[in-house]
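Some notes on the structure that comes next.
The values are calculated or read from the model by the stated rules, or taken from the named source; none is laboratory data. Quick caveat, the model's predicted, so the values are computed rather than measured. For the accessible areas, the whole protein counts, side chains as well, though only heavy atoms, and no ligand, DNA or RNA atoms are used. Shrake-Rupley method; radii C 1.70, N 1.55, O 1.52, S 1.80 Å.
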Amino acid sequence: MSLNDRAALLNSLSMLADDPERAIRLGLAGRAAVAGNFNWQHDAVELNELYRRFASLGAAA
């Protein structure tokens, strides 16, 4: 669906409103995907390592 396609968005939302079980399944799948792919603790460790690498580059200059 195009970002500017309001008709497609309305159609998709209408389909979900007409099928609450599907809406729940999609919502749970989306939540699981976010939980599995985004982890603040892991990202903080990676960001800290990136900062350390950049800091060591500045110290070497």
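Summary table below
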| read-out | value |
| --- | --- |
| All positions within the range 1-27 that are among the small types (G, A, S) and part of a helix (DSSP H, G or I) | A7, A8, S12, S14, A17, A23, G27 |
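Every residue, every condition in (1) open to solvent by 90 Å² or more (accessible area, probe 1.4 Å); (2) not small (G, A, S), yes or no:
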| position | (1), (2) |
| --- | --- |
| S14 | no, no |
| D19 | no, yes |
| R22 | yes, yes |
| R25 | yes, yes |
| G30 | no, no |
| V34 | no, yes |
| Q41 | yes, yes |
| Y51 | yes, yes |
| L57 | yes, yes |
